[in-house]
Amino acid sequence: MVGDLGGEGASNVNVWSAPTGTAGPPGAGAQPVFTTSDVDELDRLAGVREVVPRGSAPLSAVRSGDDTVALQQATTYGRPYFASEDLRDGRAFRQGANETVLNPTAAALFEENVSVGDTLTLTLEDGRQAEVRVVGILDTSGAQDPFEGFGEGPRVYLPADPYYERVVTAPGSGERERAYPAAFVIADGPEAVDGVRERTLDYLRDESDAASLLAPNAEFVAQTNEELLDQVRDILDTLTAFVTGVAVISLVVGAIGIANIMLVSVTERTREIGIMKAVGASDRDVLGLFLVEAVVLGVVGALFGTLVGFGAGYLGTRFVGLPYVVPWEWAVVAVVVGVLVGVVAGLYPAWNAARTDPIDALRYE
Amino acid sequence: MTAVPEASVESAVSLQAVRKRYDRGEPVFALDGVTLDLPRGSYTAVMGPSGSGKSTLMNLVGLLDTPTDGRVVVDGRDVATLSGADRTALRGEAVGFVFQTFNLMPRLTALDNVALPMVFAGVARANREARATALLGGVGLGDRLDHLPNELSGGQRQRVAIARALANDPTILLADEPTGNLDSKTSADVLALFDELNAEGNTVLLVTHERDVAEHAERIVHILDGRLERVEELDTVSHI
């Protein structure tokens, strides 16, 4: 999951505005405050290669031929935000053109799969209709940017010009300009990203249109993908710690279970222990026998648990739509822990068995 | 302390002025100065009422217990000088137990039951299976090797137990009421088997409270209140 966010995004700074003091996911509570002039100014900052403003266009439906499906919104980018290797087919859209790029899930929404060259009719939120030509199909249906979250829903991408229609009177120029809720400031390279982040925030806070448009109880957030990764890692770490806690409790319960079964087993076989001792079994022989039994219990449990874990993991990842990874090293750890739990839990019962007095044991009914 | 006679080299087991004390509120002597010599190849029966000390005598001869006083010498080795582990090892190789309730391992076949003492004695698998097969053949169970104890009759079980007792070629066969759970016909068979084994040179110590069973032995040791009451020499051919 964390792998989805890394890679070439290392030079990107994700910028949005959020209500002060909130720590939601990227874009939560974002207001459309970044004007076209702001985007141009940010583009001129040192170390910045490109700025891509992002917004969404509210839709009600998309039609292909006679086939209409409901769709709430499309993602609009002020500049092409796809690399050519992200596209399975076709090319990125051009600004100012009636063009669109779909992800595979969106292309498969219709009875006949949509392909490059087809025309779609968009029904906007207010009922107006617009015809767009499909110029590209993405390679995967995963999130294209951090604001989309995880999951593989159908997504339609459009050029901000002409489809992003949120406009304000820019305080700087006095003109009507598009105002975006978010933007990606792309630095020249991963090493420049922290400086770019600082300069972006400095610019936004001091002289930008966004500073004037920002609500009083809101602030700018500029997060590198690395920071975003850290956040995700934090959440995953917490989750992992929680699961580990549950696992440790299960281990303790399992160990007590093994110890209990072994104690019962030792009691049940008191007479057999007596027989074995009478025919020459040493304390160590008896100890070994019961320890081996406990270890076998532990290992069988660990193997069974590992198989169940593989199965549940497979179903779980299938259900959530994440890639299925088999953590072999953890399977080995599970078996080793199974042996250890077997030894620890079996030690006391086995010791009990070993010091059984054969005279009493033979008399035991 | 009274002088204790030296054990004969020929003795399989020798008890010299053995006392065994239990502390049950007050000290009780289960055995109170017993001297008894079991020559190799001898056949001895022990008789006495319950509580007379028969079981304690068995446990001492069988190396399951150690005396409070006196000496127990098994196969020429003084039990008092042995560590617990050595005593266990000696028990495995020098003593063959036959119990009233057979005491076979319920989940092991006849063959595996007979092979069990050899497992603990460190005999290789092929050797112990060959010997166990031969021993079971010797007690007339050559066709019952793979049967579990619960698939065998009482008499057959006791014969498996006898074969097991012989597994490590013991110095002494200890039989504790071996016919106590058998009917008269199978009792006779089992006792005939003991006679045969004794005739082959095995030393047998048989504990019983039945006179006719005890009469299979060469001599009967009567025990009462932890002391030897009398030793009765029998005409060894009388029971035939």
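Laid out as a table, the results:
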| quantity | calculated |
| --- | --- |
| Most mobile listed residue (A:E293, A:E227, A:E329) in chain A, GNM with C-alpha springs under 10 Å | A:E329 |
| Global form of region A:2-230, assessed from the alpha-carbon gyration tensor, a/c cut-off 1.5 | prolate |
| Sparse-neighbour loop sites [trypsin sites (Lys or Arg not before Pro); region A:11-77; at most 10 other C-beta within 10 Å; DSSP] | A:R44 |
| Considering only region B:93-240, percent of DSSP beta bridges that pair antiparallel, nearest 5 | 40 |
| Kirkwood Rh and Cα Rg combined as Rg/Rh, region B:137-240 | 0.99 |
| Pair B:H147, A:I235: separation of 7 Å Cα→Cβ label points (nm) | 7.1 |
| Simple label model, 7 Å out from Cα along Cβ direction - A:R44 to A:E165, nm | 3.2 |
| Sites A:L322 and A:S212, calculated FRET efficiency, Cβ-Cβ separation with R0 35 Å, nearest 0.05 | 0.25 |
| Bridge type composition, the protein assembly as shown - antiparallel percent by DSSP, nearest 5 | 75 |
| Helix-derived mean residue ellipticity, 222 nm - over chain A, DSSP H n ≥ 4, -39500 (n - 2.57), to 500 | -14500 deg cm²/dmol |
| Region B:59-121: trypsin sites (Lys or Arg not before Pro) in DSSP coil with no more than 13 other Cβ atoms inside 10 Å | B:R107 |
| Long-range Cα-Cα pairs in the protein assembly as shown (distance over 45 Å), rounded percent | 51 |
| For region A:27-36, 3J(HN,Hα) per residue [Karplus equation, 6.51 cos²θ - 1.76 cosθ + 1.60, θ = phi - 60°, Hz, x = Gly/Pro] | x, 5, x, 5, 10, x, 10, 8, 7, 4 |
| B:N127/A:A83 FRET efficiency (R0 60 Å; Cβ-Cβ; nearest 0.05) | 0.20 |
| Fewest-first ranking of A:I359, A:I235, A:I258, using other Cβ atoms within 10 Å as the exposure measure | A:I235, A:I359, A:I258 |
| GNM flexibility winner over chain A from A:L71, A:L251, A:L102 (Cα, springs under 10 Å) | A:L251 |
| Relative contact order %, chain B, counting alpha carbon pairs below 8 Å whose residues are six or more apart | 27 |
| From phi via Karplus (6.51, -1.76, 1.60), per-residue ³J(HN,Hα) for region A:341-352 in Hz, x at Gly/Pro | 4, x, 5, 4, 6, x, 4, 5, x, 5, 5, 4 |
| Gyration tensor (alpha-carbon) shape descriptor, chain B, a/c threshold 1.5 | prolate |
| Cα gyration tensor shape of region A:121-239, rounded if a/c is under 1.5, else prolate or oblate by comparing a/b with b/c | oblate |
| Inter-chain shielding of B:81-92 (mean C-beta neighbours from other protein chains, 10 Å cut-off) | 3 |
| Point-to-point label distance, A:D66-B:E232, nm (Cα→Cβ direction, 7 Å offset) | 11.6 |
| Reach of A:K277 by Cα under 25 Å, taken over lysines that are not fewer than 8 positions away in the same chain | B:K20, B:K54 |
| Region B:172-240 versus region B:133-168: alpha-carbon centroid distance in Å | 20 |
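All of the numbers you see were taken from the coordinates with simple rules; none came from a lab. As the structure is a computational prediction, the values presented were derived from the model and not from experiment. All Cβ positions, even for glycine, are placed from backbone atoms using ideal geometry, and neighbour counts span all protein chains on display.
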